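Presented below is the structure to which this report refers.
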Amino acid sequence: MKGNNMKEIMYKGKKVKVPFADANYNLDGEKDVVIENRFGGEKATVPAYAAAVYDVIIGSEQLQDWDRHRKGLDWFAKYFPKQYMVLLD
């Protein structure tokens, strides 16, 4: 990811770096979220903040905001490689 423009949030008492300042990281609180691959139906469980990043990735794809899309994909692949392979690869 270019630059160091990541935001830090608190999740279960720990600081976590997330790629988007404007995502809703509090939507699902501190629980895990199950996301289903939109093409194959395979499921992956991620923390709520990662689900927020996933939402931004999918929204950026729909809006064809490829820089934002790539930033999200790179973050997801780095911090959640197994879930990335199920949901986004």
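The values are calculated or read from the model by the stated rules, or taken from the named source; none is laboratory data. What you are looking at is a predicted structure, and each value in this text was computed from that prediction instead of being measured. Please note: Cβ atoms are built from the backbone with ideal geometry, for glycine as well, and neighbour counts cover all protein chains shown. With ligands, DNA and RNA removed, areas are computed over all heavy atoms of the protein, side chains included. Shrake-Rupley method; radii C 1.70, N 1.55, O 1.52, S 1.80 Å.
A few remarks follow.
To keep it simple, each residue is scored yes or no on (1) open to solvent by 30 Å² or more (accessible area, probe 1.4 Å); (2) more than 21 Å from residue 78 (Cβ to Cβ); (3) β-branched (Val, Ile, Thr).
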| site | (1), (2), (3) |
| --- | --- |
| 18 | no, no, yes |
| 36 | yes, yes, no |
| 42 | yes, no, no |
| 46 | no, no, yes |
| 49 | no, no, no |
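- Here residue 55 meets the list (1) open to solvent by 60 Å² or more (accessible area, probe 1.4 Å); (2) modelled with pLDDT under 95 almost entirely, failing just condition (2).
Let's see how each residue does on (1) over 13 Å from the mean Cα position of the chain (by Cα); (2) at pLDDT below 95:
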residue	(1), (2)
6	no, yes
20	no, no
41	yes, no
72	no, no
